[in-house]
Amino acid sequence: MLEVEGFTKYYGDLCAVDDLSFRIEAGEFVTLLGPSGCGKSTTLHAIAGLVEPTEGRTRLRGDDVTDLPPEKRNIGMAFQSTALFPHMTVRENIEFPMRNNGLEVGDRVEELLRQVRLDPEVHADKKATELSGGQKQRVALARSLAYEPDILLLDEPLASLDYVLRKRLQRELADLNEELGMTFIYVTHSLESALLMSDTLFVLENGNVIQT
């Protein structure tokens, strides 16, 4: 599904990622694990097309996408900040990327809300400001799945939640990965989270994979 080959990223004289290579199979739940500054988020953003590599190539389904902009990669992404539009309802937030990509909405919003364990009848017409932190993350996840990406990238989306809710959503993410058969790549500094969810775990240190 995804191959990162020789990815290197410099910011001035600082080497954030150094000659990083790995392969990910379709449907895997993969976690990039390591402390702050190890290069995991930089790597994730490069896969999404948000960071331009100094060196290296990224291939998706065998096609070189290194020079493609994010909107041409069919990759979804969920961040720690949900970035929901506060003036929009849940339905409108989820529909927004679908309409931007020319996709038919139909009953897709209801289907997505059920997938992330939210009742459409209860939540679809609520404003984003009326949701709890966990509900906002579920809506952000539904929005990132709305246009059926090949890969879903998750940049510590649960880090700001309390421990009990975070544990619950971690299990639900693992279940969702299995249910959808979609490739997930998750970034975290928590070994406990990584072991709970992952099929494959890449441990990063100083911009290198030191253990798989």
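The values are calculated or read from the model by the stated rules, or taken from the named source; none is laboratory data. This structure is a prediction, so every number in the text was calculated from the model and none was measured. Each accessible area value is taken on the protein alone, full model and side chains, heavy atoms only, with ligands, DNA and RNA left out. Shrake-Rupley method; radii C 1.70, N 1.55, O 1.52, S 1.80 Å.
Worth pointing out:
- Principal-axis tilt of helix 163-180 within the chain, Cα atoms, nearest 10 degrees: 90 degrees
- Relative contact order for the chain, counting Cα pairs under 8 Å that sit 6 or more residues apart, in percent: 32 percent
- Per residue, the range 1-117 exposes 51 Å² of solvent-accessible protein surface, assessed with a 1.4 angstrom probe and all protein chains in place.
- One equal scatterer on each Cα of the range 9-144, no solvent, Debye formula: the resulting log10 I(q)/I(0) at q = 0.09, 0.12, 0.18 Å⁻¹ is -0.35, -0.61, -1.08.
- Relative contact order of the range 20-143, taken over Cα pairs closer than 8 Å and 6 or more residues apart, is 21 percent.
- Relative contact order [Cα under 8 Å, 6+ residues apart], the range 88-212, whole percent: 21 percent
- Compared with the dominant Cα axis of the chain, that is its longest principal axis, helix 133-145 is turned about 70°.
- Beta bridge orientation in the chain: antiparallel %, DSSP, nearest 5: 50 percent
- Element breakdown for the range 97-191 at a 1.4 angstrom probe: carbon and sulfur atoms account for 43% of the accessible area.
- The count of lysine pairs in the chain that are at least 8 places apart or cross chains, and whose C-alpha atoms lie under 18 Å apart, stands at 4.
- Where the alpha-carbon atoms of the range 104-212 are placed on the principal axes, they occupy 46, 30, 21 Å, in descending order.
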